[in-house]
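The next block holds one structure in the form of structure tokens; read it before the comments.
The values are calculated or read from the model by the stated rules, or taken from the named source; none is laboratory data. Note that this is a predicted model, so its numbers are computed, not measured. Neighbour counts run over all protein chains shown; Cβ positions are idealised from the backbone, glycine included.
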Amino acid sequence: MSTREKERLYSLLPMIYRTRDAAEGQPLRALLQVIETEFERIGTDIDRLYDNWFIETCQEWVVPYIGDLLGVRPIRAVPSANVSLRGYVANTLAYRRRKGTAAALEQLARDTTGWPAHAVEFFRHLCLTEHVNHVRGAGTMDVRNAVEAELVGGAFDSAAHTLDVRSAALHRGRYNIPNLGLFLWRLQAYPVGDVVPGVGLADCGEARQVGAHYTFHPCGIDAPLFNAPQSESAVTQLAEEQNVPGQLRRVALAAELDLIRQHEKSKPRRFLRDDVRAVRVFTQSHPGDAIVEVPPERIYVCRLPTAGGEAVAIDPDRGRLLLPPGANPHRVLVTYHYGASGDVGGGPYDRTESVEDVFTEPEIWQVAVAHLPTAPVRPGLLFKTLRDAVAEWNKQPVGTTGVITILDSLSEMDTGIGNLRIRIPGKSKLLIIGAQWPQLALSASPARGQFQASGVRPHWRGTLEIEGSAGASSDEPGAIFMNGLLLEAPIRVVAGNLGHLDVRHCTVVHVRDGTVVPGAAKINVASSNDRLAVRIHRSIVDGIGVAAPIKQLLVTQSAVGTGSTAAPAIDCPQTAAQVNESTVFGATRVLSLEASSSIFAATVEAIRRQQGCVRFCYLPRGSRTSRRYRCQPDYEIRRQVEAAAAAAHAQGGALSEPEKARIQAAIEGWLAPAFTAATYGDPGYAQLDDRCPVQIRRGSEDESEMGVFCFLKNAHREQNLRTVLAEYLPLGMEAGLFFVS
């Protein structure tokens, strides 16, 4: 605000008074400046009060009051799922205008849960005798239509069914007059870059006789492909298959490709529209040649034509790619969508918040790594490999703050001699991140310290060694941060003096012959790093091994272990560990344990059990920890034993020890975590199954689920929907919630 705008009151005075005031040292001007400040505060408050009349501009504390004026039932806000009370209140009148319609219920489900939804009125799919003047269209199914037959029993089933009198609200019945179904997709579809390598060559015996086999997942494991969800064209339109993040179906994708080859444009495309394609394949014949996209008409599903030519075959269920016999391109690139429960393990999602608090220094040494063959090599700024960029970092003086930005999602198979060693001197900090520079043109230098932490998921295969080169007596050892990386390699902190190892939004696994090998890609810390703090956040790591004592081990919102409960997940017998909102698949052995809202799938042993506290966690039988508070199954066993003892006392008896043992054994038999999948690579990895006991699904401190996806607040989102359904359901109808993924 200019000086003239700040002195509005003084400028209103006649010139004669301002002249006389200037002659006397401007005391009147000073007085009016004080009055002006109070005037501005009153004006700002009046403007704010006016803004608070409207739901779009009001302050957050006003939202519940506006909702109360409309009689809106309160719901829980879930920021991680973009579910807010403001949006729900703002759309209340729109909901009520279309109250009772399937489209309104579908939108209500999306707005209160953040999950893609599809509403189905089951009475429309009943097989019954119809009047010829009121034909609804539910007739005999065309058994030759394999595309539609594959949908039977799912969310987009179009077949007619016989009567099912069971309750839909209890997940037992569907096709009945009063039943309505809301199908929900908990998994999200993540697009992987513009060009992602189909690495993980599996030569499967006679590879060159049957063609070159690839997997879409860069680590070489089977992972299904997902659809790229498209926005609905109108508010009143019910969601269709192309509008939800479901898995690509073989039959449907093959039929759509056949229509493309037949130049059939009258039928709409579900997965391969001109503007949005769920999967794309690129090839480069020779080094230096242009990267050319394989046209959709040359893509086949699970088969290759007799005359292969430039054709390719894909298997969307397993995420595999097959080139014709004799084809040997220099490079194969793919773009696809993978499925996951949430923003964990690195990916193309926005990770800005995870790096905002890392570096605050104005002067930052920054370079980039670009694997694309078209990217120029610029000495000192742009490198072709991570090894080259690290070599340049290792030359920097003590106290440097640096950033190595990997600009694409292509894989780098490290072929250097020996392991890649990163040296971190005292007072130095280094961030290695998968991100993009603000300037898309690589000919310009980026602004120092600026990058966009989204859009890419770099893959690196090799072995990383991190050496803290500060002196043993140094009080300020260096720090290294990793963000947004897919590392198919162990991370080893060698002997030295390192201050911080911060791993955020990363995946650290090892794959051999298409199978994840548990325990082969651990984060290992050697001795003499007693000042080291290891922090794992929103990551998937194969395991953590610390032989000697270190300053801190903190694991938050992460999955430790790649599915096997046999291999140790956390082996730090001389270090106090803190585990919050995480899932640990393997055994845990620590000096002492502080844990909250976590799932330990295998036994836990804390050597010092006088220290620490374990709260709202699941611990299997045989675990030895410090004091526990509301941990399962102990809490449920104690609750039921007390209830049985009270019942026995009311009848004049007492509960016997064999009866207590029977109750304990029965509860331990059923009260255990059930996962959709426990193997890395599966879309439902570490996701709690909806058949998991409610004591675990709602067992965390805030009554959401335990484990790595506690931050998604799935229990709160489901409860939001159940709360509002009673108001918007048609009279006499009941709704069932069906989780598709």
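Scanning segment 437-484 for residues that are modelled with pLDDT of 85 or more and of a type in the set (S, T, N, Q), we see that the one that is farthest from Gly220 (Cα to Cα) is Ser469.
Each row is one residue, and each column tells you yes or no for (1) more than 27 Å from the chain's Cα centre (by Cα); (2) within 22 Å of Leu333 (Cα to Cα); (3) outside the structural domain of Phe226 (by TED's automatic domain parsing).
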position: Leu238; (1), (2), (3): no, no, no
position: Val244; (1), (2), (3): no, no, no
position: Asp274; (1), (2), (3): yes, yes, no
position: Val281; (1), (2), (3): no, yes, no
position: Gly288; (1), (2), (3): yes, yes, no
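Residues are listed down the side, and each one gets a yes or a no for (1) closer than 23 Å to Ala715 by Cα; (2) touching a strand residue (DSSP E or B) at 6+ places or on another chain (Cβ under 7 Å):
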{"position": "Ile550", "(1), (2)": "no, yes"}
{"position": "Leu553", "(1), (2)": "no, yes"}
{"position": "Ala587", "(1), (2)": "no, no"}
{"position": "Glu594", "(1), (2)": "no, yes"}
{"position": "Ser598", "(1), (2)": "yes, yes"}
{"position": "Ala606", "(1), (2)": "no, yes"}
{"position": "Val614", "(1), (2)": "yes, yes"}
{"position": "Leu619", "(1), (2)": "yes, yes"}
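The residues of segment 528-569 that are closer than 12 Å to Val503 by Cβ and of a type in the set (A, V, I, L, M), listed by number, are Ala533, Val534, Ile536, Ile540, Val541, Ile544, Leu553, Leu554, Val555, Val560.
Residue-by-condition table, conditions (1) under 21 Å from Gly519 (Cα atoms); (2) assigned to a loop (DSSP other than H, G, I, E, B):
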| residue | (1), (2) |
| --- | --- |
| Val579 | yes, no |
| Leu591 | yes, no |
| Ala602 | yes, yes |
| Arg621 | no, yes |
| Ser626 | no, yes |
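The set of residues in segment 249-278 that are touching a residue at least 60 places away in the same chain (Cβ under 8 Å) and aliphatic (A, V, I, L, M) comprises Val251, Ala252, Leu253, Ala255. Considering segment 618-637, and only residues there that are touching a residue at least 40 places away in the same chain (Cβ under 8 Å) and not charged (D, E, K, R), the residue that is farthest from Ala672 (Cα to Cα) turns out to be Tyr635.
Applying the criterion of at least 1 residues that are in contact with a Pro (Cβ under 8 Å, 6 or more places away or on another chain) to the helices (runs of 4 or more DSSP H) found wholly in segment 628-716 leaves 657-670, 694-697.
When Ala313, Ala255 are screened for being small (Gly, Ala, Ser), surrounded by 14 or more Cβ atoms within 10 Å (Cβ to Cβ) and under 30 Å from the mean Cα position of the chain (by Cα), only Ala313 passes. Picking from residues in segment 501-516 that are of a type in the set (A, V, I, L, M) and under 27 Å from Pro425 (Cα atoms), the one that is surrounded by the fewest Cβ atoms within 10 Å (Cβ to Cβ) is Leu501. Ile696 falls short on exactly one of the conditions (1) under 23 Å from Val590 (Cα atoms); (2) crowded, with 20+ Cβ neighbours inside 10 Å, and that condition is (1).
Residue count for segment 97-117 satisfying the condition of being in a helix (DSSP H, G or I) and on the phi > 0 side of the Ramachandran plot: 0. The set of residues in segment 581-601 being over 19 Å from Gln695 (Cβ atoms) and of a type outside the set (Asp, Glu) consists of Phe585, Gly586, Ala587, Thr588, Arg589, Val590, Leu591, Ser592, Leu593. Considering only residues that are in a loop (DSSP other than H, G, I, E, B) and touching a strand residue (DSSP E or B) at 6+ places or on another chain (Cβ under 7 Å), look in segment 317-335 and name the one that is farthest from Ser285 (Cα to Cα). Step by step, filter segment 317-335, then rank; the result is Gly319.
Of everything in segment 34-82, what is assigned to a helix (DSSP H, G or I) and in contact (Cβ under 8 Å) with a residue 40 or more places away in the chain? Give them in sequence order. Across segment 34-82, the qualifying residues are Ser80, Ala81. For Pro116, the test of being within 28 Å of the chain's Cα centre (by Cα) and surrounded by fewer than 14 Cβ atoms within 10 Å (Cβ to Cβ) is failed.
Does any residue of segment 640-654 turn out to be modelled with pLDDT of 90 or more and either in the same structural domain as Arg172 (by TED's automatic domain parsing) or buried (at least 16 other Cβ atoms within 10 Å of the Cβ) (or both)? Yes. Name the residue that is modelled with the highest pLDDT, counting only residues in segment 263-319 that are more than 15 Å from Arg250 (Cα to Cα) and of a type in the set (Ser, Thr, Tyr). Residue satisfying both the conditions and the ranking: Thr283. Looking at Ser592, Ser597, just one residue is of a type in the set (S, T, N, Q) and crowded, with 21+ Cβ neighbours inside 10 Å, and that residue is Ser597.
Criterion applied to Ser592, Ser528 was being over 20 Å from the mean Cα position of the chain (by Cα), at positive phi and free of Cβ contacts under 8 Å to residues at least 60 places away in the same chain, and the one residue passing it is Ser528. Being crowded, with 16+ Cβ neighbours inside 10 Å, of a type outside the set (Phe, Trp, Tyr) and not in a loop (DSSP other than H, G, I, E, B): is that true of Ala94 here? When the stated conditions are applied, Ala94 does not pass them.
One line per residue, one yes/no per condition, for (1) under 26 Å from Arg166 (Cα atoms); (2) basic (Lys, Arg):
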residue	(1), (2)
Phe39	no, no
Phe54	no, no
Thr57	no, no
Trp61	no, no
Val72	no, no
Ile75	no, no
Arg97	no, yes
Thr112	no, no
Phe123	yes, no
